[in-house]
Amino acid sequence: MVFFSFDACRILDPSERSFIPVPPLQKLLFSATLSSNPQKIAELKLSDPLFISATESKAYIIPRNVQQNVIVCPPDEKPLYLLKLLRDSTAKQTLVFSSSVNTTHRLFKLLELFSNELPQHRPIVEYSANLVQKERKTLMNNFKTGKISIMICSDVVSRGLDITDVDEVINYDVPSYISTYVHRVGRTGRAGRSGRTYTLLRKVEISRFRVLLSKAANTTQAIVNIDRDTDIAPLKPKYQSVLKRLEEIIDKERNITKTKKDLPSNLSVNSKIPSDIDLILKHLKEQSKRNFFPESTTNIDTDEMNIEEK
């Protein structure tokens, strides 16, 4: 008897379904976050299906071999905290997840301008739905073979791709759904290997993130403290000039795209939702005469989350 197995989430995706041959034999479908929506399950066209769950009491479970960490940081310094993580990381392969294609591109461009702060042996690329299939395939092959060490990506990478040796995942933006979090962190710690994750949080996101984690098992987070005076402050002078340069690059790209596609001037190329970097650039432009980096430090109440001091 011939067996075919596929990721159930991919089959439920209309953009993927037409490319996956589903024979009328026996189907074995595997998913870390299988939908409980009866309508979507019906679309799989299963006959007398048998449902087998390997999870505990909750619908989602994070592998115990994945060490989960959280870093609370001021929103206007968030890219610097990411830079600090990447600069000091000992990981061979790192995935950095952002909330949108737009943020992915801008974050990649910003890190490019900080390239001299990153180890030379850790090349960095962006991977998103903005790239054509051929480009995505080439980048993914280079990442899998170790030619690329750091990949800034949208959630297009979080599902349906088996990347064996990812030992670090960074959530630059907090995911909106627990299923997204499970898929992101599931890129590391595969097949019994150890892995670690970091989630960058603004103080206002702590409560929402705690509620998100309550929907899955094994989600205890250890808090990582980064010293702003010794680790972040030295990067600030260059950061301000990098942001100005980034604004010039994005404006140039927007003008080129506008010319090609005749977009309205108030429409962003990739997304209508402003990213953290968008807001920082706007703040810098409108408040250039003010002190961009206040001396006061945001007080973080770590008791608000179920976290362990690290």
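The table for this structure:
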quantity: For residue 197: the one exception among (1) closer than 22 Å to residue 74 by Cα; (2) surrounded by fewer than 22 Cβ atoms within 10 Å (Cβ to Cβ); calculated: (2)
quantity: Selection status of residue 128, surrounded by fewer than 20 Cβ atoms within 10 Å (Cβ to Cβ) and among the hydroxyl-bearing types (Ser, Thr, Tyr); calculated: no
quantity: Residue ID - modelled with the lowest pLDDT, chosen from residues in segment 114-152 that are under 27 Å from residue 242 (Cβ atoms) and touching an Asp or Glu at 6+ places or on another chain (Cβ under 8 Å); calculated: 124
quantity: Subset of segment 159-185 (residues that are part of a loop (DSSP other than H, G, I, E, B) and of a type in the set (Ser, Thr, Tyr)); calculated: 164, 172, 176, 177
quantity: Long-range neighbours under 7 Å by Cβ, at least six apart or interchain, first residue more than 17 Å from residue 157 (Cβ to Cβ) within segment 101-115, second surrounded by fewer than 20 Cβ atoms within 10 Å (Cβ to Cβ) and among the basic types (Lys, Arg); calculated: 113/245
quantity: Number of the exception - residue 181 against (1) surrounded by 22 or more Cβ atoms within 10 Å (Cβ to Cβ); (2) closer than 23 Å to residue 118 by Cβ; calculated: (2)
quantity: Candidate set from segment 156-177 (those that are closer than 18 Å to residue 190 by Cβ and surrounded by 20 or more Cβ atoms within 10 Å (Cβ to Cβ)); member that is modelled with the lowest pLDDT; calculated: 159
quantity: Breaking point among (1) surrounded by fewer than 19 Cβ atoms within 10 Å (Cβ to Cβ); (2) not assigned by TED's automatic domain parsing to the domain that holds residue 73, for residue 220; calculated: (2)
quantity: Search result, residues across segment 88-113 that are within 14 Å of the chain's Cα centre (by Cα) and among the small types (Gly, Ala, Ser); calculated: 98, 99, 100
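The values are calculated or read from the model by the stated rules, or taken from the named source; none is laboratory data. Remember, it's a predicted structure, so these values are computed and weren't measured experimentally. As a convention, Cβ positions derive from the backbone with ideal geometry for all residues, glycine included, and neighbour counts pool all protein chains shown.
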